[in-house]
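The values are calculated or read from the model by the stated rules, or taken from the named source; none is laboratory data. Not measured: the values here are computed from a predicted model. Note that we place each Cβ from the backbone using ideal geometry, even for glycine, and neighbour counts take in every protein chain shown.
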Amino acid sequence: MQLDMLVVGAGFAGIYQLYKAREAGMTVRVLEAGEGVGGTWFWNRYPGARCDVESLDYSYSFCRELEEEWEWTERYASQSEILSYINHVVDRFDLRRDIQLDTRVASAHFDEDRALWSVRSEDGEHLEAKFLVMATGQLSVPQKPDLHGLDDFKGQWYHSARWPMEGVDFTGQRVVLIGTGSSGVQMTPIIAAQASQLTVLQRTANFSVPAHNMPFTPESLKAAKARYPERRAMGREAITGVFLNANTKTAAEMTEDERIAELEYRWKGAGGGFRMLRAFADLMSNLQTNHLVAEFARNKIHAVVKDPRKAEILSPKGDLPFGAKRLCVDSNYYDTFNQNHVDIVDVAIDPIVEATPSGIRTQTREFACDAIVFATGFDAMTGALKSIDIRGERGISLRDKWKDGPTSYLGISIAGFPNLFVIAGPGSPSALSNVVHSIETHVDWIMRLLRTAQTRQVRRIATLQEAEDGWVHRCVEEANKTLYPKAKSWYMGSNMEGKPRVFMAFVSGVPLYRALIEEVASNNYQGFELA
Ligand code: N01
């Protein structure tokens, strides 16, 4: 079957891409590995899973009626509510008929003579399309430590991103949880409420800030919706695509009292969450300013966690800049460790050795348990794209091309891979932004490019190598102006052994990024060859 466009992935990105391509009169099909739509929100069903970007922002902005009719119940929606929302969107716009579930793409090869992408599923189905859009997500391939002895473990083990559909009841169980990123931080209080014993194994303490989640009342939701267009417009002009009331002053421009007041306001009064990252204009570029915020956050941990031993383990070390590893946003995370049956263990100093039939063994201790939970994250940014055998011009393989780290032009296209586009991929601000906003930006931009191509009867849209080199250089340059590369984070590939260490996102924010991609478009798609 030959289509105008094939889209891989039916999460937020693939669904919007389908909507826009169909609107443009294209024949489209979305191939999705899962048995339902939703991407991240389909797979990540662990206890306590919810978004840490406010739902009024972490939602599509393309349809005013959709914004009006959907009733978010909480400031930060739960996984199940977001999944219901995505399903609602799919049905409301009659998108389901072009989404093929249970279909994992194995390969995608570019046929140069016919300028067509030839795509095969793991089941052997073959499809062809003029354009291939990878909407495979940044955090979709789970990574689990290769733990010796796990097969002999007599209890059950789970990964946060492959949680059983029917849920897990930990009532009365002894649970060992490995990992203290966003997933681990969110599930800790919920598992603690059920388990008889919860031991959290932490390799690196990260910063977590209070979410201050709360239900909407009919009045508060109505009031927020009345200002929706303004809210969206302010989001578009904000560095992360969400308006967080950024302080435009550097720390040095404020007095000590003003600095503390600003931090307290953001921790509590302003509503918590990512607002902390906007506390000072130079927070992510000036180590001295960053230390102030890190110290403030460490003091907060010590104020909440009564046991000084636990508080010390939970406090991030001085070499981790605040926010350089993705900030966690929590509800009662630190307070959970005040319960006697919840403990934290520093496995950086006492490394995990193996699983045993009865639990987990570190170098010096053994933790007997009934269940092991891996909240150990993902092969981020590149994992999903590299899991598919993608071959472009002259049979060049994406896996080979990206062996030293991902390269792209504008985070959207890749030299040597004509007519292929990536939504919210490496080299774009997506990982550091409200990803739904970034997705809409990408899809809208791609669709304009495709309309131009159609008008000019272009069959092949190719990225020039020098344009890609320039973009990669620009991304590195922008990252080096900040403190982000100082952390061992998934942004850098440092969460996985053997993965190249490269900062994988465009760090300088959504408005600058949008200006740059607009400039490319208005300069006759500079950096592309339209043939
Ligand atoms: O994964 P992570 P995540 N032995 O990579 C540890 C998004 N998200 O699933 O820091 C011991 O952040 C690892 O230790 P270290 C969000 O963008 C969003 O939590 O590498 N420990 C770390 O503590 C987020 O950033 C939401 O030293 C090991 C943890 O496992 C991203 O997804 C919710 C280990 C992994 O943390 C990923 O979050 C959830 C090992 N061998 C996720 N290997 C919301 O919207 C890894 N670790 C709220």
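Annotations for the structure displayed:
Results for (1) touching a strand residue (DSSP E or B) at 6+ places or on another chain (Cβ under 7 Å); (2) at pLDDT 95 or above; (3) over 24 Å from Gly172 (Cα atoms), shown as yes or no for each residue.
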| residue | (1), (2), (3) |
| --- | --- |
| Gly318 | no, yes, yes |
| Ala324 | no, yes, yes |
| Thr336 | yes, yes, no |
| Val342 | yes, yes, no |
| Val353 | yes, yes, yes |
| Arg361 | yes, yes, no |
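- Looking only at the range 330-347, residues that are part of a loop (DSSP other than H, G, I, E, B) and under 18 Å from Arg203 (Cβ atoms) come to 2 in all.
- A residue that is within 12 Å of the ligand (Cβ to nearest atom) and either more than 26 Å from His212 (Cβ to Cβ) or surrounded by fewer than 18 Cβ atoms within 10 Å (Cβ to Cβ) (or both) occurs somewhere in the range 43-65.
- Some residue of the range 488-498 being assigned to a helix (DSSP H, G or I) and either touching a Lys or Arg at 6+ places or on another chain (Cβ under 9 Å) or at pLDDT 95 or above (or both): no
- Across the range 428-442, not a single residue is classified as out of contact with any Gly (no Cβ under 9 Å at 6 or more places or on another chain) and not in a helix (DSSP H, G or I).
- For the range 380-420, filtered to residues that are charged (D, E, K, R) and in contact with a strand residue (DSSP E or B) (Cβ under 7 Å, 6 or more places away or on another chain), the residue that is farthest from His473 (Cα to Cα) is Asp389.
- Of the strands (runs of 3 or more DSSP E) that lie entirely inside the range 158-261, those containing 2 or more residues that are polar (S, T, N, Q), modelled with pLDDT of 95 or more and within 16 Å of the ligand (Cβ to nearest atom) span 197-202.
- Single condition Val443 does not satisfy, out of (1) touching an Asp or Glu at 6+ places or on another chain (Cβ under 8 Å); (2) hydrophobic (A, V, I, L, M, F, W, C); (3) buried (at least 19 other Cβ atoms within 10 Å of the Cβ): (1)
- Only a single criterion out of (1) charged (D, E, K, R); (2) within 16 Å of the ligand (Cβ to nearest atom); (3) in contact (Cβ under 8 Å) with a residue 60 or more places away in the chain is not satisfied by Glu393, namely (2).
- Criterion (in contact with a strand residue (DSSP E or B) (Cβ under 7 Å, 6 or more places away or on another chain) and more than 20 Å from Glu440 (Cβ to Cβ)) met by exactly one of Asp102, Asp111, Asp98, Asp123: Asp111
- Test: residue in the range 368-387 that is in a loop (DSSP other than H, G, I, E, B), farther than 21 Å from Met496 by Cα and free of Cβ contacts under 8 Å to residues at least 12 places away in the same chain: no
- Residue tally, condition of a type in the set (A, V, I, L, M, F, W, C), surrounded by 14 or more Cβ atoms within 10 Å (Cβ to Cβ) and closer than 24 Å to Phe243 by Cα, over the range 513-531: 2
- Residues in the range 190-201 that are of a type in the set (S, T, N, Q) and surrounded by fewer than 20 Cβ atoms within 10 Å (Cβ to Cβ): Gln194, Ser196, Gln197.
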